Amino acid sequence: MQARVNSPVRTAWTTRSAGAMVVLLVAVVLAAPVPGSAQPAPNTPAVPEPAVGIDQAVPPKASAEPYVAEVTGNDVFIRSGPGTNFYQCGKLYARDRVQVISTQLGWSCIVPPPGCFSWVSMQYVSINLENPTMGIITGDNVGVYAGSDFVEPMWSTSKQSILNRGQTVRLLGEEKDDYYKIAPPQGAYLWVSSQFLQAVDQTVAKPGAGTPVAPAGGTTAKPAGADPNAAPKTDLDIYYALAEQINAERAKPIGQQDYAEFKAKLQELAAKKDGGRAMRYADYTLKQVERFELACKVAKELELQNKELTKVTEKIDEARATRLAQVEDTSRFAVIGKLELSNVYADAPVKRYRLLDETGKTISYATPTGTAASADYEKLMGRKVGLVGQVKLQDVSGRATIEFSEVVPLD
């Protein structure tokens with residue numbers, strides 16, 4: 001009887017094989033479905049829970065709309081539509097605030113922050129002469145397109161809103177490729193990725209677009225909870241107060257607007273190197289104020305030109321009236337010409353005369369009648385006169401003869 005000898009190699013292999021079988025059995029047991037549990041759909045890969053890094057913004061929670069949101073990152077693009085395939089229309093920075101109108105698939109529809117702009121075709125806009133900063137729409141279904149410093153007007157294809165005849169737009173003083181740059185009108189919105197926004201106030205009503213005075217990403221409204229009667233304590237408070245005063249000044253007739261005092265205070269804020277957002281806001285608003293002052297200057301010059309034109313027109317009308325008064329009504333004259341004594345009828349008992357045109361040709365002969373027959377016309381010889389009388393045709397000569405009762409000098 002032979003004894004079984006186990007090789008050390010085989011023994012080790014057998015031991016490892018047994019261990020592998022145990023591991024495989026444990027894996028099968030763990031993978032077995034639990035009765036009543038949901039099964040994943042076939043060919044559907046598992047979606048891992050995204051990890052949030054220290055440089056990644058946390059998406060905001062769902063909030064009631066509209067609301068105010070604060071930006072949580074820097075260099076956040078404002079886009080013309082809800083997606084990265086839409087062109088950029090500006091940037092936002094940390095702690096800037098925007099007004100959110102709605103959300104869509106991870107994108108927030110916002111009121112365009114001041115500094116953003118739109119384009120509208122020049123052929124559908126008429127300039128308001130009383131206020132050159134305002135334009136009046138002259139057509140129907142006129143498209144307004146999101147503006148960008150990086151996209152030409154003709155390639156700005158994102159339509160923000162539609163305007164109709166009679167509606168007004170605020171012109172920003174620039175035209176390009178037959179388009180006017182305008183402040184975004186009511187209902188013209190832009191988009192920002194929702195992951196960079198955090199709701200801070202859910203009680204704000206939907207605002208109008210393009211009215212505040214502040215740079216892109218800012219707002220002229222004081223933060224919620226601020227005491228309107230409290231004296232400004234920070235540069236930002238001072239800026240907010242100035243912005244409100246500037247908006248009030250803009251509401252006045254253009255001839256009464258004066259920005260000198262506000263401009264000086266804004267220059268002080270813009271000159272502070274450590275002014276932060278207040279410095280940036282003030283610098284941007286200064287540029288706006290300069291445009292407002294230019295519009296006021298143009299309006300005043302236009303008003304002066306209109307006054308001068310009115311004076312010139314009045315002088316022309318006065319001169320014309322004077323000239324007309326000096327011109328005698330010639331419709332009552334039978335004939336007008338230079339008076340000369342006629343030699344054709346020298347033997348006639350009553351003197352005959354003839355009237356010549358400017359070339360010296362005889363226009364007609366003339367015979368005085370009534371009291372005019374005894375008058376002396378020696379001093380009128382060779383002068384331009386008008387004869388009052390009747391035109392008669394002579395049978396012998398076939399010429400026209402004037403039987404006149406009055407002679408009026410016209411030179």
Would you please name the trypsin sites (Lys or Arg not before Pro) within region 239-287 that are DSSP coil residues with at most 13 other C-beta atoms within 10 Å of their C-beta?
Lys272, Lys273
For Lys159, go through the aspartates and glutamates and keep the ones whose alpha-carbon is under 20 Å away, minus same-chain ones fewer than eight residues off.
Asp140, Asp149, Glu174, Glu175, Asp177, Asp178
Classify region 335-409: rounded, prolate or oblate, from the alpha-carbon gyration tensor (a ≥ b ≥ c, eigenvalue square roots; a/c under 1.5 rounded; otherwise prolate if a/b is larger than b/c)?
rounded
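By counting other Cβ atoms within 10 Å of each Cβ, how are Lys392, Lys297 ranked from fewest to most? Present the calculation step by step, with values, prior to reporting the outcome.
Values: Lys392 15, Lys297 10.
Exposure proxy ranking, most exposed first: Lys297, Lys392.
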Neighbours of Ser193 by Cβ distance under 13 Å: Lys/Arg at +1, Asp/Glu at -1, summed charge +1
Which of the aspartates and glutamates could be linked to Lys315 by a straight reach, that is with a Cα gap under 19 Å, when you skip same-chain ones fewer than 8 residues away?
Glu303
Is there a pair in Lys91/Lys300; Lys91/Lys297; Lys263/Lys300 whose C-alpha atoms are over 30 Å apart, and which pairs would that be?
Lys91/Lys300; Lys91/Lys297
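Each value in this text was obtained by applying a stated rule to the coordinates, not by laboratory testing. Predicted model only: the values in this text are computed from it and were never measured. We place every Cβ from the backbone using ideal geometry, glycine too, and count neighbours over all the protein chains shown.
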